[in-house]
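Read through the structure below, which is laid out as structure tokens, and then see the notes.
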Amino acid sequence: MIKTSINLQDLRRKIYRKAKAEPAWRFWGLYVHVCKLETLEVAYEMAKRNGGAPGIDGVRFAAIEQDGLEMFLHGIRDELVCQSYRPMRNRNVEIPKSNGKMRRLGIPTIRDRVVQGALKLIVEPIFEVDFQDGSYGYRPKRTAHEAVNRVADAVVKNKTTVIDVDLASYFDTVRHDLLLKKVADRVRDEQILCLLKLMLKASGKRGVPQGGVISPLLSNLYLNEVDRMLERAKAVTRQGRYTYIEYARFADDLVILVDGYRKWRWLANAAYRRLLEELAKLDVQLNRDKTRRVDLARGDDFDYLGFNFRRSTTRRGVMGVRYTPTQKARTTLLRKLKDVFRRFRSQPVGRVIALINPMLRGWVNYFRVGQSSRCFGYVRDWVEKKIRRHLMQARGRRGFGWKRWSRRWLYAQLGLFSQYRVVRYAPKALPAQ
């Protein structure tokens with residue numbers, strides 16, 4: 001983990017406290033802090049830690065450090081101070097999505113990533129104060145697991161009418177003028193706004209690039225009014241300690257949950273209407289073919305952040321929630337693993353295990369909440385069979401070598417990933433009525 005120096009930490013802390021104490025305050029004099037070498041150095045270390053492909057100029061971190069990192073950062077600072085800095089165009093890359101379509105990424109140069117990171121370090125504390133509790137995507141000290149558990153907790157508390165929201169090409173449709181206005185509501189530093197405008201123009205006339213350092217912050221800010229609307233809905237329908245509507249948003253993945261009792265059917269309809277109104281103000285389109293209303297009480301299910309949610313009866317005979325990795329998530333993992341086994345068929349088994357272990361570790365660590373045991377068992381058995389087949393093929397034999405190698409030997413001697421342990425989710429107890 002990279003820690004900022006105490007001076008930058010103090011600055012961010014002071015900005016945060018000021019923004020929290022005075023919600024209507026508009027900050028000025030921020031640009032000088034973006035230009036500081038200290039801020040640029042931290043931004044560079046963050047960019048290097050995240051890695052990624054080079055931008056349109058083809059420059060990599062190794063080349064920068066070979067030529068001199070200090071000279072590189074001083075050059076950026078001088079351009080920012082003189083206001084001669086101009087970001088390069090993003091390098092557009094398309095990667096395949098699981099549904100057969102393509103996702104477009106806009107990859108900035110390392111130089112531009114550093115500037116975006118420096119700007120984010122200074123303005124993030126301002127907007128972090130304004131963001132709502134139900135927003136989890138790419139925020140400090142917030143994780144996707146927290147969003148998943150928030151949804152699970154809502155289902156346990158009988159919020160079984162679900163609006164599964166799908167936004168059409170959200171990142172590509174963000175309007176720059178509306179976004180800059182939202183930033184200007186809290187920042188009256190013309191140099192900051194000008195710098196941000198230059199960054200947005202580098203990605204085209206509309207949208208924020210998926211791949212930009214500051215894009216997650218801006219995308220959260222753009223949808224913040226939607227979150228506020230849902231928070232108001234919670235507040236006005238609250239009865240004591242009980243709430244009858246809940247939501248969770250991770251970037252553009254939004255789900256709204258309403259109490260399943262028929263008395264609150266109007267609330268689901270009202271929330272949907274208000275959602276359409278807020279999205280219309282932002283000029284964001286709803287994908288009506290994929291947006292759907294689900295009734296978990298009738299056995300329906302829905303997917304969120306890679307998990308499939310459904311209502312189920314616990315061992316104690318009460319209604320609870322069951323969430324497991326989606327079929328799509330499991331299939332995607334096995335497809336990637338199968339590709340490794342195919343491409344490295346002639347390589348020693350140790351090389352193959354060194355490649356697949358990080359993939360398994362990352363996938364399992366993400367899905368180790370909920371009721372994932374059965375899925376984990378399937379993946380573990382599938383991987384074991386592939387390893388056994390690889391060993392047998394290396395010896396010119398068929399089969400799986402069940403008698404030749406024990407399961408314990410595969411994990412203890414070969415070092416195959418073995419930590420398929422699920423962390424059980426304990427939902428918050430309902431208050432006594």
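Some points to look at:
- Sparse packing (at most 16 other Cβ atoms within 10 Å of the Cβ) combined with a DSSP loop state is found for the following chymotrypsin sites (Phe, Trp or Tyr not before Pro) in the range 1-74: Trp25, Trp28.
- Loop trypsin sites (Lys or Arg not before Pro), the range 31-125, which have at most 16 other Cβ atoms in a 10 Å radius of their Cβ (DSSP): Arg60, Arg89, Lys97, Lys101
- Of Lys181/Lys234; Lys234/Lys263; Lys182/Lys205; Lys205/Lys281, pairs whose Cα-Cα distance is over 23 Å: Lys181/Lys234
- Within the listed set Gly106, Gly350, Gly55, the residue fluctuating most in the Gaussian network model of the chain (springs between alpha-carbon atoms under 10 angstrom) is Gly350.
- Summed residue charge, Cβ within 9 Å of Gln419's Cβ, Lys/Arg positive, Asp/Glu negative: +3
- Eligible lysines near Lys385 by straight Cα distance, threshold 16 Å, same-chain separation 8 or greater: Lys336, Lys338, Lys403
- For Val93, the shell of other residues with beta-carbons less than 12 Å away shows a net charge of +2, using +1 for Lys and Arg and -1 for Asp and Glu.
- Accessible-area value, Lys18, 1.4 Å probe, nucleic acids and ligands omitted, Å²: 70
- Mean projected area of the Cα convex hull of the chain, taken over all directions, amounts to 25.5 nm².
- Expressed as a fraction of 2.2 N^0.38 Å, the value expected for a compact globular protein of N residues, the C-alpha radius of gyration of the range 7-71 is 1.49.
- Shape call, the range 1-130: gyration tensor on alpha carbons, a/c limit 1.5: oblate
- Each 10 Å bin from zero up to the one holding the largest Cα-Cα distance in the range 272-345 carries the following percent of pairs: 15, 27, 27, 21, 10, 1.
- Of all the options Asn220, Asn90, Asn365, the one that moves most in a Gaussian network model of the chain with Cα springs shorter than 10 angstrom is Asn365.
- Accessible area of the range 151-221 belonging to carbon and sulfur atoms, whole % at 1.4 Å probe: 51
- Comparing Leu391, Leu230, Leu276 in a Gaussian network model of the chain (Cα springs below 10 Å), the most mobile by mean-square fluctuation is Leu391.
- Taking a Cβ cut-off of under 10 Å around Thr243, the surrounding Lys, Arg, Asp and Glu residues balance to a net charge of +3, with basic ones at +1 and acidic ones at -1.
- Helix runs (DSSP H) in the chain reaching 27 Å along axis by Cα, Kyte-Doolittle at least -1.0: 110-130, 373-394
- Cα gyration tensor shape for the range 323-365, rounded if a/c is under 1.5, else prolate or oblate: oblate
- Accessible surface for the chain, divided over its residues, is 53 Å² per residue with a 1.4 Å probe.
- With DNA, RNA and ligands ignored, accessible area of Cys82 (1.4 Å probe; Å², nearest 10): 100
The values are calculated or read from the model by the stated rules, or taken from the named source; none is laboratory data. Every value quoted in this text rests on a predicted model; they were computed, and no experiment measured them. Quick reminder, even Gly has a Cβ in these numbers, built from the backbone with ideal geometry, and neighbours come from all protein chains shown. With ligands, DNA and RNA removed, areas are computed over all heavy atoms of the protein, side chains included. Shrake-Rupley method; radii C 1.70, N 1.55, O 1.52, S 1.80 Å.
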